[in-house]
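Presented below is the structure to which this report refers.
Nothing in this text is a laboratory measurement; each read-out follows from the coordinates by a stated rule. Because the structure is a prediction, the values reported are computed rather than measured. Quick reminder, even Gly has a Cβ in these numbers, built from the backbone with ideal geometry, and neighbours come from all protein chains shown.
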Amino acid sequence: MRDFGNLECAVTAISGGTLRRVPTTLADITTILEDHYDPAWAESWDAVGLVCGDPEAVVRRVLFAVDPVRDVVDEALDWRADLIVTHHPLLLRPVHGVPATTAKGRAVHRLITAGTALYTAHTNADVADPGVSDALARAVGLSGPLRPLSPSAADPRRGLGRVGELPVPVTLREFADAAAKGLPATAAGLRVAGDPEAPVRTVAVCGGAGDSLLDAARAVGADVYLTADLRHHPASEFRENGSTALVDAAHWATEWPWLGDAAALVRQTGVETRISAVVTDAWTFRSHEGST
Ligand SMILES: [Zn+2]
């Protein structure tokens, strides 16, 4: 955690010999976020930063959410948020317009009409130190030192995924149960591959879709790798070729813990923050009918 002594000075000013509060602007908030989640760290295909909003606008309330979807826009407008900070981009691919006849265009129209800004920190937050996977690691029980699962070439303190040790070894079933408790509940829950009684001490995690780090998880000797969006063939082949267990969590749930870290940074300006509890994972229910 950084020292925000200078920031506190920035939001107050001497006026007529008395200290008065200077309103926090959208630019103040984006400066803090970009100090921790540098847009230059984002993948080349990504779209991060300010989607809509006037940097000079005063910000009093900031809502944090994983997805810039309709339910989250509803929540922001109901709460009269001045800014929504999301992990996922609204407009990842180039567009030629934002007509209100499309879901994304409708979101842009509603936000601008309400005077609510939208800001995204995506892959730049994934690789930050601390970043999205640090928050995930803490949520599933890793309390000690963490290191990137795939360190960035430019700075090995940053990178994708995290690996660490549990304070005491547990079984895979106990780890999965603790992870399920530590993450927000979703319809999808957790899927586990491995011997329930296998001992777990070294844990690798990656927030969001993490099948590109399967080999890295094995290479660091993880007893279990927890991520999201795992598919049958990569998971099956991974299990055939080693003993590392897999836990597949809901994509939204693996990234949600980071919202608290980002909100804590912004809250130090004195603005009101709120973390959306709306479950925006793509999967909304599951059926076990017919299962054996
Ligand atoms: Zn994601």
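Here are a few things to note about the model shown:
- Three semi-axes describe the equivalent ellipsoid of segment 129-251; taken as square roots of 5 times the Cα gyration tensor eigenvalues and ordered largest first, they are 19, 16, 15 Å.
- Report summary: the helix-based calculation at 222 nm, which adds -39500 (n - 2.57) for every DSSP H run with n ≥ 4 and divides by the residues of the chain, gives -9000 deg cm²/dmol.
- Each residue of segment 48-61 is assigned a 3J(HN,Hα), and the resulting list reads 10, x, 7, 8, 8, x, 9, x, 8, 5, 6, 10, 10, 10 Hz, derived from the Karplus form 6.51 cos²θ - 1.76 cosθ + 1.60 (θ = phi - 60°), x at Gly and Pro.
- For the pair Asp46 and Ser243, label points projected 7 Å from Cα toward Cβ lie 3.6 nm apart.
- Three-way shape call for segment 71-113 based on the alpha-carbon gyration tensor, with the a/c threshold at 1.5: oblate
- Distant alpha-carbon pairs in the chain (separation over 34 angstrom), percent: 26
- Fewest neighbouring Cβ atoms within 10 Å first, the residues Asp155, Asp28, Asp38, Asp78 line up as Asp78, Asp155, Asp38, Asp28.
- Ascending count of other beta-carbon atoms within 10 Å, so fewest first, for His288, His88: His288, His88
- For segment 189-261, applying the loop criterion from DSSP together with a ceiling of 13 other beta carbons within 10 Å to the chymotrypsin sites (Phe, Trp or Tyr not before Pro) yields no site.
- Built amide H within the under 5 Å cut-off of Val51, gap 5+: Leu118, Tyr119, Thr120
- Compactness of segment 40-141 was expressed as the Cα radius of gyration divided by 2.2 N^0.38 Å, which yields 1.12.
- P(r) histogram, all alpha-carbon pairs of segment 60-214 included - 5 Å bins from 0, percent: 2, 8, 14, 16, 15, 13, 12, 10, 6, 3, 1, 0
- Rounded to two decimals, the Cα radius of gyration of segment 221-276 over 2.2 N^0.38 Å is 1.67.
- For Val22, the residues whose amide H sits under 5 Å from its own are Thr12, Ala13, ignoring neighbours fewer than 5 places away on the same chain, with H placed 1.01 Å from N.
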